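**Q** Pasting a structure here, questions to come.
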Amino acid sequence: MKHQMGDLTRYRIKKRRNHCIACAILAALLCLLCACGGPASSGPDGQASDGPGTAGGNASQSETPGMMAGTAGSGGELILLSSETDKGRYTTGRIYDQDKVTQLLCYVDYAAAREIPLCAQPSCAHDSDACTAFMKLGNSATAPKIGSGNAIFFVIMDGETGQDEIWTAGPDGSNRRLLVRSTTGSNGCKPIAEDGAYLYYFYESYREENGEMLQSRLYLARVPLAGGESEDISSWEDKNEGAGYEFLGVSGREVALYRYEWGNPMENAAPGDTPPQETGAMADAQGDQQHMCRHSAFLLNVDTGTQRELGTWSSSTGSVGCSCLWEDGRLYWCTDNAYGPIHWMDVDGQSGELATLPENPHDENAYYMLDCIVQGKLLIDCFSPAADSTLRCAIDLSDNLADGGFAGNAQALTLRYLYAVSEYPVRIEGRSETELLVMYEIDVEYSPGFYEDGTPKENFSATSRYGLISYEDYFANRPNYRPVEMPYGSI
């Protein structure tokens, strides 16, 4: 499953150089990881381009610079939080009433093929705090996520203070209570996992002066599920304008992360009497160094704060070097801008190589991205700017990868939707035991209108359509969708 952490770096990114912003956007591709009819409490169950393989509280300083070791947690394995369950998917929806917009916590019920508010009150208008799905006007919430099945977790941003709050509730939205409120100078809360005793989350602290970002630090913290004080486990300082982190997943008591760091800003290191030709060469070398990005994937133990590296690589402007995917304790990667095989490495150090794409796009600007794993098949997308199209393939992982051998051959997947003038592979939004929830169509509408000064304009709106499709039909490229009603918006 892919994961992203762009909201944790939103304050840092807006102050970056253009090439740093481009890297952050590409990095996000790595991760490149649910009776107004709401579900009952028991409903949702509960340098090389070779890639990674080459290479609070009473916390105390560890051997790794910039990191801290926290007290031990429950000792149970970390459970990844996800908006998906076998029976449905949590979302956020909206009710529009003239110029007022009310946000709701919702759930897409796969059996009913419909999006419903997390509210069990008959005939509820979903317009007050008495409704378990209701969000106060001006506040905004993220889609709820669930771990063990006993509770959901979601973040509410207070519209007045701009601060984040982490809330928990029952799987049906009942018994909502506050777990964590961010303090002044911190924000970007992102719950990622639980272990039966603690909720683990990221947040960012920052310091601004005259609107300029002076310092920021990313924290991994935890808070007791029963309520109480939170504690910081580890932190990373943004030592220059080009550093960032993305969450990949969990394994046992470890958290998998991806880090990128651009070269330091250029400095005039040439002495005043340096010959012009040498000065130019030194400037070119400094420029190359500045535009190089260093990457790494590593595991962090939440009990000790220590980390172990899975691999490092480097890239230049316009590329993140590798597209990565973390799933079930294994890191998959491929070169992001060159045709070739897909590699993997697990937490025990075993590694191997998978089959390549079935066909070479013969486009030097093609971009490759690992998407997800479905029914034991790894999905990879290849975007070709020359053809303005994206090819999706499925690579069978059923062979014994522990032997380091090749997996089965890649299969082309042709189910697509049209947006503007380009076609894209249908977007997978969730999965049950028998079906996939996908976004399979976008309806675009244009209507004429006028600006206040009478100048004509064209209004544009796009409506996404969702459906459920069996695994058999999906991999057979048959568009047999069971439409899903989304009365409160899109996923």
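**Q** All but one of (1) basic (K, R); (2) loosely packed, with under 13 Cβ neighbours inside 10 Å; (3) touching a helix residue (DSSP H, G or I) at 6+ places or on another chain (Cβ under 6 Å) hold for R177, so report the exception by its number.
**A** R177 satisfies all of (1) basic (K, R); (2) loosely packed, with under 13 Cβ neighbours inside 10 Å; (3) touching a helix residue (DSSP H, G or I) at 6+ places or on another chain (Cβ under 6 Å) except (3).
**Q** Step by step: first the residues of segment 160-174, then only those that are open to solvent by less than 10 Å² (accessible area, probe 1.4 Å) and in a loop (DSSP other than H, G, I, E, B), then the one that is nearest to K87 (Cα to Cα). Which residue is that?
**A** P171
Quick grid of which residues meet (1) closer than 20 Å to I166 by Cβ; (2) modelled with pLDDT under 90; (3) open to solvent by 30 Å² or more (accessible area, probe 1.4 Å); (4) not in a strand (DSSP E or B):
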residue	(1), (2), (3), (4)
Y206	yes, yes, yes, no
Q215	no, yes, yes, no
G227	yes, no, yes, yes
D232	yes, no, no, no
L257	yes, no, no, no
E261	no, yes, yes, no
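**Q** A further question follows. Are there any pairs with C-beta distances below 8 angstrom linking a residue in segment 97-110 that is closer than 15 Å to T142 by Cα to a residue that is among the acidic types (D, E) and open to solvent by 20 Å² or more (accessible area, probe 1.4 Å), with the two at least 6 apart or on different chains, and if so which?
**A** T102/D127
**Q** Separate question: Select from segment 438-452 the residues that are at pLDDT below 85 and open to solvent by less than 70 Å² (accessible area, probe 1.4 Å) and write down the one among them that is nearest to F475 (Cα to Cα). Walk me through how you get there before you give the answer.
**A** Filtering segment 438-452 for residues at pLDDT below 85 gives 444-452.
Cutting the leftovers down to open to solvent by less than 70 Å² (accessible area, probe 1.4 Å) gives us 444, 447, 449.
Values: V444: 27, S447: 38, G449: 43 Å.
It comes out as V444.
**Q** Could you pull out every one of the strands (runs of 3 or more DSSP E) wholly within segment 77-140 that has 1 or more residues that are open to solvent by less than 40 Å² (accessible area, probe 1.4 Å), more than 25 Å from G196 (Cα to Cα) and aliphatic (A, V, I, L, M)?
**A** On the way: elements: 88-97, 100-109, 114-117.
Filter on segment 77-140 gives 100-109, 114-117.
**Q** If you go through segment 467-476 one residue at a time, do you hit one that is open to solvent by less than 50 Å² (accessible area, probe 1.4 Å), hydroxyl-bearing (S, T, Y), within 28 Å of A355 (Cβ to Cβ) and not in a strand (DSSP E or B)?
**A** The first filter runs over segment 467-476 and keeps only residues open to solvent by less than 50 Å² (accessible area, probe 1.4 Å), leaving 467-471, 473-476.
Now drop any that are not hydroxyl-bearing (S, T, Y), which leaves 470-471, 474.
Applying the additional criterion that residues be within 28 Å of A355 (Cβ to Cβ) yields 470-471, 474.
From the residues that got through so far, the ones that are not in a strand (DSSP E or B) too are 471, 474.
Yes, segment 467-476 contains at least one residue that is open to solvent by less than 50 Å² (accessible area, probe 1.4 Å), hydroxyl-bearing (S, T, Y), within 28 Å of A355 (Cβ to Cβ) and not in a strand (DSSP E or B).
**Q** For segment 335-353, how many residues are under 24 Å from the mean Cα position of the chain (by Cα) and outside any loop (DSSP other than H, G, I, E, B)?
**A** Within segment 335-353, residues that are under 24 Å from the mean Cα position of the chain (by Cα) and outside any loop (DSSP other than H, G, I, E, B) number 6.
**Q** So is S148 at pLDDT below 95, of a type outside the set (A, V, I, L, M, F, W, C), under 15 Å from T102 (Cβ atoms) and open to solvent by 30 Å² or more (accessible area, probe 1.4 Å) or not? Break it down stepwise before answering.
**A** Numbers: at pLDDT below 95: yes; of a type outside the set (A, V, I, L, M, F, W, C): yes; under 15 Å from T102 (Cβ atoms): no; open to solvent by 30 Å² or more (accessible area, probe 1.4 Å): yes.
The answer is no for S148.
**Q** Got a sec? Which of D399, D388, D371, D363 is at pLDDT below 90 and within 17 Å of R330 (Cα to Cα)? Walk me through how you get there before you give the answer.
**A** Values: D388 fails: within 17 Å of R330 (Cα to Cα); D371 fails: at pLDDT below 90; D363 fails: within 17 Å of R330 (Cα to Cα).
Just a single option satisfies the conditions, and that option is D399.
The values are calculated or read from the model by the stated rules, or taken from the named source; none is laboratory data. Just so you know, these numbers come straight off a predicted model, no measurement behind them. Counting neighbours? That spans all protein chains shown, and the Cβs are built from the backbone with ideal geometry, glycine included. Accessible surface areas use protein heavy atoms only, side chains included; no ligands, DNA or RNA. Shrake-Rupley method; radii C 1.70, N 1.55, O 1.52, S 1.80 Å.
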